[in-house]
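Derivation of every value follows stated rules applied to the coordinates shown; laboratory data play no part. From a predicted model like this one, the values you see are computed outputs, not experimental measurements. Note that each Cβ is placed from the backbone with ideal geometry, even for glycine, and that neighbours are counted across all protein chains shown.
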Amino acid sequence: MSIEDNKVIARRFAEDVWGRADPAAVEQVVHPDITVAYPLLPETVHGREAFKQVLAQLQAALPDLRGTVDEVIAEGDKVVVRWTLAGTQRGAFGPIPATGKSVRWTGISICRIAAGQVIDDRGEEDALGFMRQLGLVPTPEQAPTPA
């Protein structure tokens with residue numbers, strides 16, 4: 001596969017898989033042996049079936065979730081994607097009960113492509129900003145003043 005092909009696959013992974021949990025996209029661009037790791041995930045995810053469960057939980061928590069790609073850079077079999085996710089938390093997100101709050105957060109992922117599918121997705125997201133928007137962590141303005 002060419003670098004341009006890999007960029008298309010990574011873009012589809014960010015927008016259609018993470019951003020919409022599209023089942024057809026999952027089957028087409030997610031490798032059966034995928035590994036996924038992000039700070040907001042409680043543990044590293046191994047395998048397409050386990051990843052589908054993560055996507056289902058994310059969609060249940062943020063049913064209107066949508067992802068956009070802000071930038072794509074590729075070299076060899078690796079593609080870096082700078083992305084934005086946005087949605088409204090209408091269901092539990094792990095131990096966090098539904099808040100009804102809208103969230104928008106950004107992140108950067110490094111995807112490795114093998115045989116036309118994403119086999120490795122590791123990233124960093126604005127977890128602090130995400131938690132602040134849900135009201136779980138106070139902003140500096142909200143923090144108590146030390147006595």
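Of the GluC sites (Glu not before Pro) in segment 96-147, the ones in a loop by DSSP (not H, G, I, E or B) with at most 16 other beta carbons within 10 Å are GLU141.
Available extension along the chain between ARG66 and GLN53 is 2.9 nm, counting 0.36 nm per residue and deducting the alpha carbon span. Within the chain, DSSP assigns beta bridges of which about 90% are antiparallel (rounded to the nearest 5). Note that the chain, at 37 °C in a medium of 0.692 mPa s, gets a Stokes-Einstein diffusion coefficient of 208 µm²/s from its Kirkwood radius over C-alpha pairs.
Sort out for me the Cα centre separation of segment 113-147 from segment 82-96, rounded to whole Å. Each part's Cα centre sits 10 Å from the other's.
Each of SER109, SER102 was scored by other Cβ atoms within 10 Å of its Cβ. Arranged with the fewest first, they read SER102, SER109.
Under a model in which nothing but the beta-carbon of Lys, Arg (+1) and Asp, Glu (-1) is charged, segment 10-146 shows a dipole of about 340 debye around its Cα centre.
What FRET efficiency would be calculated for the residue pair LYS101, ALA37, taking the C-beta separation as r and a Förster radius of 25 Å, to the nearest 0.05?
Efficiency for this residue pair is about 0.45.
Applying 0.36 nm per residue to the separation of ARG90 and GLN28 and subtracting their alpha-carbon distance, the gain on full extension is 19.5 nm. Taking a straight line from the alpha carbon of LYS52, these lysines sit under 24 Å away, with near neighbours fewer than eight places off in the same chain left out: LYS7, LYS78. Compared with the alpha-carbon gap, the fully stretched path from ILE119 to GLN142 is longer by 4.1 nm at 0.36 nm per residue. Each residue, MET1 and MET131, gets one label point 7 Å from its Cα in the Cβ direction; the gap between the two is 3.4 nm.
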